[in-house]
Amino acid sequence: MKIKFQKYQGTGNDFIIIDNTDLSFPSENYSLIKRLCDRKYGIGCDGLILIEPSKSSDFTMNYYNSDGNLGSMCGNGARCSVKFVQNLKIINDNTVFTAYDGLHDASILDNIITLSMKPVRNIKSIGDDLLLDTGSPHYVKIVQCLNDYKVFENGKKIRNNSLFKKNGVNVNFVEQISENEFSVRTYERGVEDETLSCGTGVTAVALAMFKLGKTNSKEVVIKTKGGELSVKFDTIEERYFDIKLSGGVEMVFSGEIDI
C-alpha cells in the first residue's frame, strides 16, 4: 500500500502530515508510525499528523510522537496542519479544528499561522521552577549560558523524574534576552531528545516568565534554535486566556511511500 504525505516544518519542528479523511491509514500500527518518523529508516520527523474528519469543526488533527505513540497537543504541528489543510482547499484563511485538547481556531496570512491555545489556570511552583499545562505538560527552568547548557542530559533527568509519574513532562530551559524576549531550548518527551522548537513549550515559557515577573509584557518573543515565535495573551489574576501562538511554517517536500 502506498500513501501520499507532505513534510512541513514550523521553526525547525518537523512533521509528516497525511490526509486521512478517508480513514484508510492504519493509525493503530504504532510500529509503522515509528518507522516513518525514523530519520534513518523512514522519512524522518519529530512527529506524524493525521488529518481526519470532524463532526464539530473543519477537521481533526491527530498527533503521534516519533516513538509511535499518540501524543497530546502539539502547537507547531497544529500550525503546520492548518497550512496543509488550506493547501488541500478544505479551508480558506480561517479555521476551527479539533485537537487532543479540544477546539482551536487559527488564521493564515501567507505562511504565518496564528493559533489559539487553551486557557491556562494552574501554574505550579517547584522550587524556583514552574510547571504548567498548555495542551501538553511543561516544566520551565531559567538557566544561564543557554547555548552551552546540557539540555539533553538535564532535560532527560527532569522528564523521567518520578514526580511526573509514567507520562513524564516536557522540559524548557530559558534565558532572558530583554524585557520581552527570551531564548528557549526544549527537551521533548516522545521524541526523547532536544527539538529545534516546541509550540506548547514556547507558550508555557511566555506565561511562566510573566508569572515570575520577568516581563510585564503580554506579547512575548521567543527565540528557539529553529526560529522565532510570538505569544500574545491576556490575564486576570491567575487565569491566562486569549492565548495566541504565531509564527511561520513551510512545506519542505511531498512524496509517496510504501507501508
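Just a few scattered comments:
- In the set (1) within 16 Å of the chain's Cα centre (by Cα); (2) hydroxyl-bearing (Ser, Thr, Tyr); (3) under 16 Å from residue 146 (Cα atoms), the condition left unmet by residue 178 is number (1).
- Residue in the range 14-32 that is in contact with a Ser or Thr (Cβ under 8 Å, 6 or more places away or on another chain), at negative phi and acidic (Asp, Glu) present: no
- Residue match in the range 102-116 (condition: within 30 Å of residue 214 (Cα to Cα) and loosely packed, with under 15 Cβ neighbours inside 10 Å): yes
- For first residues located in the range 90-119 and more than 17 Å from residue 201 (Cα to Cα), partners that are outside any strand (DSSP E or B) and aromatic (Phe, Trp, Tyr) and lie 6+ apart or on another chain with Cβ distances below 7 Å form the pairs 90/59; 97/59.
- Filtering the range 193-209 to residues that are outside any loop (DSSP other than H, G, I, E, B) and among the polar types (S, T, N, Q) leaves 195, 200, 203.
- Residue match in the range 210-226 (condition: in contact with a Leu (Cβ under 8 Å, 6 or more places away or on another chain), part of a helix (DSSP H, G or I), polar (S, T, N, Q) and buried (at least 22 other Cβ atoms within 10 Å of the Cβ)): no
- Count of the range 172-194 residues which are of a type in the set (S, T, N, Q) and either outside the structural domain of residue 240 (by TED's automatic domain parsing) or surrounded by fewer than 24 Cβ atoms within 10 Å (Cβ to Cβ) (or both): 4
- Selection over the range 150-171 of residues that are surrounded by fewer than 16 Cβ atoms within 10 Å (Cβ to Cβ) and not in a helix (DSSP H, G or I) gives a count of 6.
- In the range 112-149, the qualifying residues are those that are assigned to a loop (DSSP other than H, G, I, E, B) and of a type in the set (S, T, N, Q), and the one that is farthest from residue 93 (Cα to Cα) is 144.
- Positions within the range 16-49 being in a loop (DSSP other than H, G, I, E, B) and within 21 Å of the chain's Cα centre (by Cα), in sequence order: 20, 27, 38, 39, 43, 44, 45, 46
- Residue match in the range 91-100 (condition: more than 22 Å from residue 228 (Cβ to Cβ), assigned to a loop (DSSP other than H, G, I, E, B) and aromatic (Phe, Trp, Tyr)): yes
The values are calculated or read from the model by the stated rules, or taken from the named source; none is laboratory data. Keep in mind that this is a model prediction, so the values were computed, not measured. Here Cβ is always computed from backbone atoms with ideal geometry, including for glycine, and neighbour counts include all displayed protein chains.
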